[in-house]
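Below you'll find the structure, written out as structure tokens, and then a few comments.
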Ligand code: HEC
């Protein structure tokens with residue numbers, strides 16, 4: 001019986017740790033940006049970007065503003081996120097370690113402007 005409680009305790013711990021990651025996976029971001037936000041082809045790396053930058057970009061996208069050539073793709077995905085999810089998403093992605101030596105499409109690490117173009 002004690003053993004069973006222990007297993008339940010561990011399971012609860014694991015799920016708590018995975019909620020931030022869950023926001024990313026639940027919204028299907030990994031389908032284009034990779035399981036760890038490492039970037040695939042035309043989808044930029046999100047892994048290890050500054051929290052402020054991701055937050056601002058997602059806010060802009062949600063309002064239909066993008067600074068990249070085909071960013072319109074992203075508007076509908078960003079609009080599917082709640083304001084809380086955007087905050088969690090920025091936090092989560094910024095904590096991921098960047099995998100070095102991998103060629104990826106890089107966003108400019110720049111937080112200026114409102115993204116309208
Ligand atoms: C259907 C594929 C696809 C999915 C799903 C997707 N993205 Fe993207 N995303 C892209 C592409 C492609 C770009 C780059 C557009 C460009 O180069 O103009 C992009 C760009 C971005 C940018 C930078 C945009 C800008 O204007 O600065 C962010 C941030 C981003 N994605 C986050 C996310 C998050 C978070 C999710 C999950 C909610 C997600 N993406 C889901 C394809 C996708």
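Numbers at a glance
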| read-out | value |
| --- | --- |
| Residue list for segment 88-97, restricted to those being away from the ligand (no atom under 11 Å from the Cβ) and buried (at least 17 other Cβ atoms within 10 Å of the Cβ) | 94, 96 |
| Candidates 19, 68, 15 - the one that is surrounded by 17 or more Cβ atoms within 10 Å (Cβ to Cβ) and at pLDDT below 95 | 68 |
| Number of the condition not met by residue 50 [criteria: (1) more than 19 Å from residue 111 (Cα to Cα); (2) at pLDDT 95 or above; (3) away from the ligand (no atom under 11 Å from the Cβ)] | (1) |
| Candidates 84, 100 - the one that is free of Cβ contacts under 8 Å to residues at least 60 places away in the same chain, more than 10 Å from the ligand (Cβ to nearest atom) and not in a loop (DSSP other than H, G, I, E, B) | 84 |
| Where residue 28 falls short, out of the listed (1) without any contact (Cβ under 8 Å) to a residue 40 or more places away in the chain; (2) touching a helix residue (DSSP H, G or I) at 6+ places or on another chain (Cβ under 8 Å); (3) over 16 Å from residue 111 (Cα atoms); (4) surrounded by fewer than 18 Cβ atoms within 10 Å (Cβ to Cβ) | (1) |
| Residue match in segment 66-80 (condition: touching a residue at least 24 places away in the same chain (Cβ under 8 Å), within 11 Å of the ligand (Cβ to nearest atom), outside any helix (DSSP H, G or I) and under 14 Å from the mean Cα position of the chain (by Cα)) | yes |
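The values are calculated or read from the model by the stated rules, or taken from the named source; none is laboratory data. Keep in mind the model is a prediction, meaning the values are calculated, not measured. Cβ coordinates were reconstructed from backbone atoms using ideal geometry, including for glycine residues, and neighbour counts include every protein chain displayed.
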